[in-house]
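The values are calculated or read from the model by the stated rules, or taken from the named source; none is laboratory data. Bear in mind the structure is a predicted one, so any value in this text is a computation, not a measurement. Here Cβ is always computed from backbone atoms with ideal geometry, including for glycine, and neighbour counts include all displayed protein chains.
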Amino acid sequence: MTTTTSVNRIYKSIAEQIITGNLQPGEKLEEKVLASRFGVSRTPIREALRELSARGLINLIPRRGGMVAEIGLERLSDMLDAECELEGLCARLAAMRMTALEKGQLRDLHDRSRPVAEQQDGAAYLIMNQEFHDLICAGAHNETLSDTTRALRERLSPFRQSQAEEQGRRLLRSVEEHDAIVEAIARGDGNAAYEAMRAHNARLGTGVLKLLRR
């Protein structure tokens, strides 16, 4: 297993435990203990902890590890609201600015994601979902907006992953919502694309907040 793969595995495991409440605010994450638990050296542990810190999930303790941070629900709610608006705007602009080739690439990706959802492969769908949203950000043809939106999505990625590996009807619902977005963009309807994208992200955001309020 490569170092990058190890870091990603460790990061995802710890992030999920924090978001689901299995690791509580204030709980210490010691490098030595984590290295033993995951069967790796301290190097990938440190890299994973830096990733967790960058997303506000832990506070780093120099040369020792980290401590689980308090997740501010009000702050998180603000970020999710901002993401809804920014991605909605990306979808609106994409409907007006995407080339025929870009629209074709978006539809092709969307069509390929449907059988993945039907097979209930949440991990694979998560990857395709990221690509779907990236294509729409790029299709807005506004570098400032795209960079800002991607940065916020990256910041929220561990919370989204807690919802993305969902199964059955919930995955299919995501595909259906993507279908509405793709159709609106394909026909150049900016307002419909905005509303479809905003509704899609709002539903996911509500799910994240419900999970954290348990």
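From the set of residues in segment 4-58 that are closer than 17 Å to Gly72 by Cα and in contact with a Ser or Thr (Cβ under 9 Å, 6 or more places away or on another chain), which is surrounded by the most Cβ atoms within 10 Å (Cβ to Cβ)?
Here the residue is Ala15.
Which one is farthest from Ile181 (Cα to Cα) among residues in segment 103-117 that are free of Cβ contacts under 8 Å to residues at least 60 places away in the same chain and in contact with a Leu (Cβ under 7 Å, 6 or more places away or on another chain)?
Filtering segment 103-117 for residues free of Cβ contacts under 8 Å to residues at least 60 places away in the same chain gives 104-105, 108-109, 111-112, 115-117.
Filter once more, keeping what is in contact with a Leu (Cβ under 7 Å, 6 or more places away or on another chain): 105, 109, 117.
Details: Gln105: 14, Leu109: 13, Ala117: 17 Å.
This residue is Ala117.
Quickly run through segment 99-151 and pick out the residues that are aromatic (Phe, Trp, Tyr) and farther than 14 Å from Leu172 by Cβ. Lay out the reasoning, then the answer.
Taking segment 99-151 as the starting set, the residues that turn out to be aromatic (Phe, Trp, Tyr) are 125, 132.
Result: Phe132, single match.
In segment 95-131, how many residues are within 20 Å of the chain's Cα centre (by Cα) and either outside any loop (DSSP other than H, G, I, E, B) or on the phi < 0 side of the Ramachandran plot (or both)?
If we filter segment 95-131 for residues that are within 20 Å of the chain's Cα centre (by Cα), which is where we start, we get 106, 109-110, 112-114, 116-117, 120-131.
Now restrict to residues that are either outside any loop (DSSP other than H, G, I, E, B) or on the phi < 0 side of the Ramachandran plot (or both): 106, 109-110, 112-114, 116-117, 121-131.
Summing the residues that are within 20 Å of the chain's Cα centre (by Cα) and either outside any loop (DSSP other than H, G, I, E, B) or on the phi < 0 side of the Ramachandran plot (or both) in segment 95-131 gives 19.
Do you know which of the residues in segment 1-45 that are touching a residue at least 40 places away in the same chain (Cβ under 8 Å), of a type in the set (D, E, K, R) and part of a helix (DSSP H, G or I) is farthest from Arg213 (Cα to Cα)?
Per the stated criteria, the residue is Lys12.
Given the criteria touching a residue at least 12 places away in the same chain (Cβ under 8 Å) and assigned by TED's automatic domain parsing to the domain that holds Val208, does Glu176 qualify?
Values: touching a residue at least 12 places away in the same chain (Cβ under 8 Å): no; assigned by TED's automatic domain parsing to the domain that holds Val208: yes.
Spelling it out, it is not the case that Glu176 is touching a residue at least 12 places away in the same chain (Cβ under 8 Å) and assigned by TED's automatic domain parsing to the domain that holds Val208.
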